[in-house]
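See structure below.
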Amino acid sequence: MKRFKEKILSFVDNHIHIIFPAPTIIALFVVVIFPIIYNIYMSFNKWRIGLGSPKFIGLQNYIDAFSDPRFWNGLKVMFFFSGLSLSLEIVLGLLIAVYLNKEFKGSSFVQTIYIFPFAATPVAIALIWRIMLNPQIGALNYFLSLIGLPPSLWISSAKTVILSLVLVDVWKWTPMITLIVLAGLKSLPKDPYEAAVIDGASIPQVFYHITLPLIQPVLFSALVLRSLDNLKEFDIIYTITQGGPGIASETLYLYSYKTAFSFFNCGYGSTLIIIVFLLVLIFNLIINKIRYKSEVL
Amino acid sequence: MKIKLQKVLILTLVFVTFLSVTVLADINWRQFEGTEIRLLMNKHPFTTFIEPKIAEFEEKTGIKVVMEVFPEDQFRDKRLIELNAGGKVDGFMIMPGQAKLHYWTAGWLAPLEGFMTNPNLTNIKEWDLGDFFAGPMTGARIEGHQIGVVINAEASLLAYRKDLFEKFNVKVPETMEELEAAAKFFHKKVVDEKEMIGITLRGKAAAATSQFVDFLYTFGGSWTDSEGNANIASPESINAFDFYGKLLREYGPKGPTMYHWAESTSTFMDGTAAMIFDANVFKSLYENPEESKVAGKVGYTTIPAGPGGRLPHVSNWSLAVSGTATPECQKATWLFVQWATNKENELGALLSGVPAGRESAWTDPKFVSTDKTPDWTASSLKSFAIGQPQWNPPVLNVSEIRDIVGQVIVDSIDGKDVKVSAEQGAKIMDQKMEK
């Protein structure tokens, strides 16, 4: 019995690099890796829930996607929404972080208030924004009327719906970028700034020639983090517009969700989500390459 | 001669007795005693009515009923996933116009005629199949098979502010031209210091197709042509899109393209709209004095006539027996369906506000004597009689096709070229339709 116990212990000792991470790897495989592999497999199949078994059709779903106008609409909406919201979030996040980095009376109070939108549950705030953006009863048109501006249709018009959603997204997520950049700013060395002041550099010069290059790696990390979520933005868009009016705010991610769970066309839905996955991957590879180059230089 | 007459009389008596015993005798309700059936139900006023009465059925039959109730969206997903997984589901609620083709093709719907005509399983005379409205019952039929029994017949009605129509002496619209004229008359009119909206309708893409279909038919259009191809770009269909879009764009609320039934009914209940065209079942909302400012001030009529006549759709919620259940559970579930849809229960449901599927319920003195909105009753009954059972496009992928048609409605409301949009929609519809 004793020898058996020793044998087990020595086996564990010798294979500790496999045994200890095993539970995590198994869990990861079941909840992450297997669904991804199954999704890729499903993207080569035609299958509507309930109507027979999945039927292998090779690349047909991918070919169909490229001739599907709704796919191109989804792609366009995705790039428009993400391009605009990510740029605004990065620029505003950086500027606000630089401002909050200065010590002033009540700065910690302002910082606390400022991160509220970021801390709130996306669906909850989206529900409130949906009411505020309603052109008939919403508060935003009331505010516009107070400053003498004409009412807007906000989310009810194809022309303004994406801008309205960008507004919500920027309001919600800019604080996250600010927090990351602020942490970066706090850790910057003081010497270059002192040298610049002695040399008589102006504030914009300090910002462009010292702060921006030094904070660049942090900004790239913030961009990567935010883009991962932003390119597959779901909760805010789904809660506020469900992709409407019509399909005017339907991103590719939302279209893939509807295809799988409203139209029950799981094969095609899987194809669309794989394409989103590839786009997010390519975007991040590009960002990482730019980041690597800028660091080398 | 006398003996012969006596013989005939005796024979007649024997025959009549035999007939009454076989036809009038009740079935053996306890033949499936001890069986357990599991039903998936939508959180619907009918479910609210029938759920407390289940004990009565269990006592009568000895069948144990497990009823699971979910809000509509969740209910649809749950039903689909459970049926696909092959779990124990013996019966469920279904809107045949939405899901029958998909569910029938998947084998999830048991044909009911075998049960309905079996004297051992159905009290044929008392249950009285002929008492159900023909339109909705036809809607619950596929390839000649009955796949559900109607618990709620639904049609869309034009509801209008009776008080304002009387005050301004406006004629209740009988035709589409009159409908537009009335909407125009009331739009932006200031009543009680409030600026009115002419008419409120659903404008939110797929959701709007549920009511738009009545305009489509009334203008002479259709979902598909005789060969099954998309027909939404026919001149008649384009006129319907054009008219519906114009009503909302020019005489509707602000931002109508995001209007689902909740937004539309709220606008009407708030007292800011002169008219609304939506499902008759929403009468319970309009007439609820705690939530509606227009309770007691609403008149009801059928859809106004157009170039194609007066052709509303009629849809329904039905109770279905699952095709995946065991034969014994199917029969036990049929007993439940038969009991839940008997004359007494359908009348009870109507009295609690569900537009029931049986004619006898609507003519019952208990209902007639307490009916506070006889124009709603008359318009609903008329719509059931003239209604088209084809509510949605006749395809497997109903939601996907509704989305495509919905985009044309949105384009029309936005004032885009309807012909171009409808032609584009028809092209995509032809590519995507699965039958």
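The values are calculated or read from the model by the stated rules, or taken from the named source; none is laboratory data. Given the structure is predicted, the values throughout are model-derived calculations rather than measurements. In this analysis, Cβ positions are derived from the backbone assuming ideal geometry, glycine residues included, and neighbour counts consider all displayed protein chains. Just the protein is used for accessible areas: all its heavy atoms, side chains included, with ligands, DNA and RNA removed. Shrake-Rupley method; radii C 1.70, N 1.55, O 1.52, S 1.80 Å.
General observations
- Rounded percent of accessible protein surface that carbon and sulfur make up, chain B, 1.4 Å probe: 55
- Taking the chain by itself as reference, region A:258-292 contains these residues with an accessible-area loss of 50 Å² or more in the full protein complex (1.4 Å probe, heavy atoms): A:Phe263, A:Phe264.
- Chain A against chain B buries an accessible area of about 2300 Å², both chains summed, 1.4 Å probe radius.
- Computed from the C-beta positions of B:Lys343 and A:Ser294, the FRET efficiency with R₀ = 51 Å rounds to 0.05.
- Rg and Dmax of region B:308-372, based on Cα coordinates, read 15.5, 48 Å.
- Given B:Lys204/B:Lys382; A:Lys258/B:Lys78; B:Lys125/B:Lys343; A:Lys232/A:Lys258; B:Lys246/B:Lys293, the pairs whose alpha carbons are separated by over 18 Å: B:Lys204/B:Lys382; B:Lys246/B:Lys293
- Alpha carbon centroid spacing (whole Å) that separates region A:46-84 from region A:132-151: 38
- Rolling a 1.4 Å probe across the protein heavy atoms gives region A:70-296 an accessible surface of 50 Å² per residue.
- Enclosing the Cα atoms of region A:70-296 in their convex hull gives a volume equal to 151 cubic angstrom per residue.
- Within straight-line cross-link reach of B:Lys189, lysines at Cα separation under 17 Å, skipping those fewer than 8 residues along the same chain: B:Lys162, B:Lys167, B:Lys171, B:Lys254
- Largest-first ellipsoid semi-axes for region B:239-303, taking √(5λ) over the Cα gyration tensor eigenvalues, angstrom: 22, 13, 10
- Orientation-averaged projected area, Cα convex hull of the protein assembly as shown (nm²): 51.5
- Here chain A is assigned +1 on the Cβ of each Lys and Arg and -1 on the Cβ of each Asp and Glu. Its dipole about the Cα centre then comes out at about 780 debye.
- Listing of region A:133-153 residues, each with accessible area lower by at least 50 Å² in the full protein assembly than in the chain alone (probe 1.4 Å): A:Gln136
- Within the accessible surface of region A:70-296, defined with a 1.4 Å probe on protein heavy atoms only, the carbon and sulfur portion equals 73 percent.
- Full extension of the chain segment joining B:Phe367 with B:Arg249 gains 38.5 nm, where the gain is 0.36 nm per residue of separation less the Cα-Cα distance.
- Rg/Rg_ref, region A:1-100, where Rg_ref = 2.2 N^0.38 Å and atoms are Cα: 1.99
- Protection proxy ranking for A:138-144, B:378-384, using the average of other Cβ atoms within 10 Å per residue and placing the highest first: B:378-384, A:138-144.
- Rounded to the nearest 10 degrees, the inclination of helix B:2-24 to the longest alpha-carbon principal axis of chain B is 50 degrees.
- Comparing A:Ile96, A:Ile40, A:Ile25 in a Gaussian network model of chain A (Cα springs below 10 Å), the most mobile by mean-square fluctuation is A:Ile25.
- Number of partner chain Cβ atoms within 10 Å, mean per residue of A:69-76: 1
- Simple Cβ-charge dipole of region A:87-236, Lys/Arg +1 and Asp/Glu -1, about Cα centre, in debye nearest 20: 300
- Working value for region B:76-201: equivalent-ellipsoid semi-axes of 45, 20, 12 Å, each the square root of 5 times a Cα gyration tensor eigenvalue, largest first.
- For the peptide A:244-254, the mean number of other protein chain Cβ atoms found within 10 angstrom of a residue's Cβ is 5.
- Entry note, the protein assembly as shown: the mean residue ellipticity at 222 nm calculated from DSSP H runs of n ≥ 4, each adding -39500 (n - 2.57), is -17500 deg cm²/dmol after division by the residues and rounding to the nearest 500.
- Summing charges over neighbours of B:Arg38, with a neighbour being any other residue whose Cβ is under 11 Å away from its Cβ, gives -2 when K and R count +1 and D and E count -1.
- Global size of chain B: 24.1, 91 Å for Rg and Dmax (C-alpha atoms, Rg to one decimal, Dmax whole).
- Shielding of A:156-169 by partner chains, average beta-carbon count, 10 Å: 2
- Between A:Leu149 and A:Ile18, full extension at 0.36 nm per residue minus the direct alpha carbon distance yields a gain of 40.6 nm.
- Charge dipole magnitude, Cβ of K and R +1, D and E -1 - chain B, Cα centre, debye nearest 20: 740
- For region B:219-258, residues shielded by at least 10 square angstrom of accessible area compared with the chain on its own, probe 1.4 Å: B:Lys254, B:Gly255, B:Thr257, B:Met258
- The 3J(HN,Hα) values that the Karplus relation (6.51, -1.76, 1.60; θ = phi - 60°) gives for region B:328-334 are, in residue order, 5, 5, 4, 5, 4, 5, 4 Hz. Gly and Pro appear as x.
- Solvent exposure of chain B amounts to 42 Å² per residue of accessible area, where only protein heavy atoms count and the probe is 1.4 Å.
- Across region A:155-260, the convex hull enclosing all Cα atoms gives 113 Å³ per residue.
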